[in-house]
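Take a look at the structure set out below.
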Amino acid sequence: MSEYSMFESKFIGRNVSKVKICDQSFGAESFLSGTHTSQTFVSADNEIILWSVGVEQSEEDVEEPTMSKSSSISHVGDVMGLDYKGGIAAAASSNGSVSMYKLDKMSSSTGLEPLHSWSALHSFKSGRECPCTDLCIEDNIATCGEDGSIHILDMTRPTPVRSLVSCDSCTLNSIIWVSPQSVAVVNTSGQLKVFDIRQSGTQPIQKFILSSADFSSLNCLDKHPSQHHLVATGSYNGVLGIYDLRQDGVPVTILEGHSGNSISDIKFHCRSPDMLFTSAYDGTVWQWNGGKPHQGAGDSGEQSVWFLADAVKHRIEVSELTSLYTQAGSMSGYPVNCLDVCNNMLVCGGDNGALHLFYDLHI
């Protein structure tokens, strides 16, 4: 079971839709957050904020984590997707556009500097704009939207280098790169699909379904940090699915959690991938601890515990990290929309208008 010794909340007066911890190129003790509008904070403009994380001594001589705003920039529309890599951040908007920013810790403004934007990338056949629901950055930026389309953006070009228009009849909820040539998406019909962006058509090269008896929406997905054929998804009905992209069909492992409440985000821990973290609309964040990898019979290397989870479900430990502040009432009744975890830090946010930081996680 994971333990934490330091916890901090910061009320920002806006619903938090996305968070992303910056990688080592900018500093592991920094993260980005994005917001979305709501009836609760209807007068608040949406923005992307760069935060720095530190540790201070309290009056009782106890170390306490702090979150300080380093920079912010206004954002048109709700922030639907947020990613960062190598000093570049990108945000997806509910108006169908994508914006790219440069982060420079050496600049005088500690900056979020706008670099480029792609307007009206996603739209319905009627021409009406629709949300760009998610994006991810590798060498290029991959986006998906409510129009069932995928676009590949070269950061130096004004138009997409590849577009798979209406490649799905359903809303695409989330997207990840699984190789330099392919992306994986999940949709509102409970399907996981893989597309080869080099192919001229719009048909997936692989298709998976969570359950033939249940077509609950798949809301989010993440890939194993070292075994990219291993993908985890979170569903509307609280089911965590583990897929092996080398095998078509159904998940290799299914786990139920969050009391059947919709899973909003899912992340493998980057250095301890036997641990998964999920957030949900019931206001909770869970850690799934599968333990150490197992030696597969006849295998030369270790096999991920997530392939064996059906056989060792009784050994998977689940910790509810949010219990500390849920009991205090600060998240009770409000969804947790997003999370990110890196090294010893986990940050999450939701519809209570606050960010929550778990620092000094003992992984």
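The values are calculated or read from the model by the stated rules, or taken from the named source; none is laboratory data. Since this is a predicted model, take the numbers as computed values, not measurements. Don't worry about glycine lacking a Cβ; one is built from the backbone with ideal geometry, like all the others, and counts go over all protein chains shown. Note: areas computed on protein heavy atoms with side chains; ligands, DNA, RNA excluded. Shrake-Rupley method; radii C 1.70, N 1.55, O 1.52, S 1.80 Å.
Structure values in brief
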{"quantity": "Number of the condition not met by Thr156 [criteria: (1) of a type in the set (Ser, Thr, Tyr); (2) touching a Ser or Thr at 6+ places or on another chain (Cβ under 6 Å); (3) open to solvent by 70 Å² or more (accessible area, probe 1.4 Å)]", "calculated": "(2)"}
{"quantity": "Residues of the stretch 223-270 satisfying the condition of being among the hydroxyl-bearing types (Ser, Thr, Tyr), assigned to a strand (DSSP E or B) and over 20 Å from Asp134 (Cβ atoms)", "calculated": "Thr253"}
{"quantity": "Matching residues in the stretch 159-173 - criterion: being open to solvent by less than 50 Å² (accessible area, probe 1.4 Å) and of a type outside the set (Val, Ile, Thr)", "calculated": "Pro160, Arg162, Ser163, Leu164, Cys167, Asp168, Cys170, Leu172, Asn173"}
{"quantity": "Wholly within the stretch 1-58, strands (runs of 3 or more DSSP E) carrying at least 3 residues that are modelled with pLDDT under 95 and hydrophobic (A, V, I, L, M, F, W, C)", "calculated": "6-11, 47-57"}
{"quantity": "Output for the stretch 214-229, where each listed residue is polar (S, T, N, Q) and open to solvent by less than 40 Å² (accessible area, probe 1.4 Å)", "calculated": "Ser216, Ser217, Asn219"}
{"quantity": "Enumeration of residues in the stretch 115-168 that are charged (D, E, K, R) and under 22 Å from Val19 (Cα atoms)", "calculated": "Asp134, Glu138, Asp139, Glu146"}
{"quantity": "Flag if Ser123 is open to solvent by 10 Å² or more (accessible area, probe 1.4 Å), over 17 Å from the mean Cα position of the chain (by Cα), within 17 Å of Asn95 (Cα to Cα) and not aliphatic (A, V, I, L, M)", "calculated": "yes"}
{"quantity": "Residue in the stretch 317-332 that is under 15 Å from the mean Cα position of the chain (by Cα), part of a strand (DSSP E or B), among the hydrophobic types (A, V, I, L, M, F, W, C) and at pLDDT 75 or above present", "calculated": "no"}
{"quantity": "Residue check for Ile176: open to solvent by 10 Å² or more (accessible area, probe 1.4 Å), within 15 Å of the chain's Cα centre (by Cα) and either within 23 Å of Val239 (Cβ to Cβ) or among the β-branched types (Val, Ile, Thr) (or both)", "calculated": "yes"}
{"quantity": "Any chance Ile254 is touching a Gly at 6+ places or on another chain (Cβ under 7 Å), among the hydrophobic types (A, V, I, L, M, F, W, C) and open to solvent by less than 10 Å² (accessible area, probe 1.4 Å)", "calculated": "no"}
{"quantity": "Filter pass, Val194 being touching a Cys at 6+ places or on another chain (Cβ under 6 Å), modelled with pLDDT of 95 or more, crowded, with 18+ Cβ neighbours inside 10 Å and among the β-branched types (Val, Ile, Thr)", "calculated": "no"}
